1. Inspect all residues belonging to the stretch 201-222 and state whether any of them is touching a helix residue (DSSP H, G or I) at 6+ places or on another chain (Cβ under 7 Å) and within 16 Å of ligand 1 (Cβ to nearest atom).
2. Which helices (runs of 4 or more DSSP H) does the stretch 70-115 wholly contain that include 2 or more residues that are in the same structural domain as residue 32 (by TED's automatic domain parsing) and under 14 Å from residue 156 (Cβ atoms)?
3. Please verify whether residue 238 is over 25 Å from residue 188 (Cα atoms) and either part of a helix (DSSP H, G or I) or assigned by TED's automatic domain parsing to the domain that holds residue 134 (or both), treating the condition exactly as stated.
4. If you go through the stretch 275-328 one residue at a time, how many are farther than 30 Å from residue 200 by Cβ and assigned to a helix (DSSP H, G or I)?
5. With the checklist (1) surrounded by fewer than 20 Cβ atoms within 10 Å (Cβ to Cβ); (2) in contact with a helix residue (DSSP H, G or I) (Cβ under 9 Å, 6 or more places away or on another chain); (3) more than 30 Å from residue 91 (Cβ to Cβ); (4) touching a residue at least 12 places away in the same chain (Cβ under 8 Å) in hand, flag the one item residue 194 doesn't pass.
6. I'm trying to understand the selection: among the residues of the stretch 134-165, which are closer than 19 Å to residue 290 by Cβ and surrounded by fewer than 17 Cβ atoms within 10 Å (Cβ to Cβ)?
7. Is the stretch 275-296 home to any residue that is loosely packed, with under 14 Cβ neighbours inside 10 Å and either without any contact (Cβ under 8 Å) to a residue 60 or more places away in the chain or under 30 Å from residue 245 (Cβ atoms) (or both)?
8. Does the stretch 107-129 contain any residue that is surrounded by fewer than 18 Cβ atoms within 10 Å (Cβ to Cβ) and in contact with a helix residue (DSSP H, G or I) (Cβ under 6 Å, 6 or more places away or on another chain)?
Ligand SMILES: NC(=O)c1ccc[n+]([C@@H]2O[C@H](COP(=O)([O-])OP(=O)(O)OC[C@H]3O[C@@H](n4cnc5c(N)ncnc54)[C@H](O)[C@@H]3O)[C@@H](O)[C@H]2O)c1
Ligand SMILES: O=c1ccn([C@@H]2O[C@H](COP(=O)(O)OP(=O)(O)O[C@H]3O[C@H](CO)[C@@H](O)[C@H](O)[C@H]3O)[C@@H](O)[C@H]2O)c(=O)[nH]1
């Protein structure tokens, strides 16, 4: 059976496509290339340029391929942008997700894996955060994703559709074999931005706030290597195909690094002492968020292989160098 990967030309989706191919499976990609790149999808993979809300296109794809699962990455993903453009986020991440879930139900696709986010939790009182903690998102982005989680829960009760919702913490790094990485234009993610500063592609990096109630005053996040993350999806797919029940699981390593620590590691790995400016807090940022990964390990049998921030940064930096040298 084939797997429909929405957003498969994006950062995480392109790593998913490689992981599916590496495990002998058949990915089919649907992407509107709003932030993704056609070149991120290998030529041998069936690629459809289009929108997740295009029900006719999805019906055609389903008629042509035997698809039993959707892995749904396609979304807008930037927390501060969602505060400036809430309606754009609710449209792409909630309204269009509704259309996609409708297409899945109509075409009797019974397995659905959804890219959710740590941003659904908001400003957590205690870390590590577990799936039993009540979500209280601080941004339209987090809310747009939480509403899609709720839709899946409801639809699953009414239709033959089972889901795994994976709540990713901060995804970073690049394919260890150099086949994929984060190519996003105007990136805002901390590790990518710091790597660009180390390579002289930016004059400096801004640290958004040093007055948070954390160990050094900067925000703390749980950075997970993208390859480990996509392997959790392979585990989720096997779980659903084996008849596993609906599941919601955090994806992170269970330990946090502050912004200052990340900056220091990028300086160490790159050997470059780039400039750092301290600026105001950025709206929508919770002070600290770290995953409890007990559920993803016990229920899905997930085994992370790259739980090492230096390795995460090294792989991100290698990819950024290749982008800079126009090798990709
Ligand atoms: N990067 C992270 O740290 C992180 C953390 C938590 C959750 N996520 C989630 O993971 C998923 C993938 O994120 P990413 O970092 O790879 O982002 P990305 O922007 O690189 O990838 C998103 C892809 O979806 C496509 N797309 C967007 N809207 C579409 C639509 N309406 N129809 C068809 N294609 C569409 C884009 O062209 C792009 O290729 C998103 O759902 C995001 O919310 C990411
Ligand atoms: O130039 C920068 C960029 C970021 N940060 C800080 O670094 C931390 C991480 O920021 P960023 O890399 O932008 O990630 P988040 O805002 O934490 O969001 C990411 O992680 C979420 C899950 O935790 C996902 O849902 C989002 O899609 C993804 O962008 C935050 O405290 C930022 O304020 C800086 O200080 N300077």
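1. Yes, the stretch 201-222 has at least one match.
2. Per the criteria, 96-106.
3. Yes; evaluated as a whole, the condition is true for this residue.
4. Residues meeting the conditions: 7.
5. It is condition (1) that residue 194 fails.
6. Passing the criteria: 134, 136.
7. no
8. Yes, the stretch 107-129 has at least one match.
The values are calculated or read from the model by the stated rules, or taken from the named source; none is laboratory data. Since we're looking at a predicted model, the values are computed, not measured. Every residue, glycine as well, gets a Cβ built from its backbone with ideal geometry; the counts of neighbours run over all protein chains shown.
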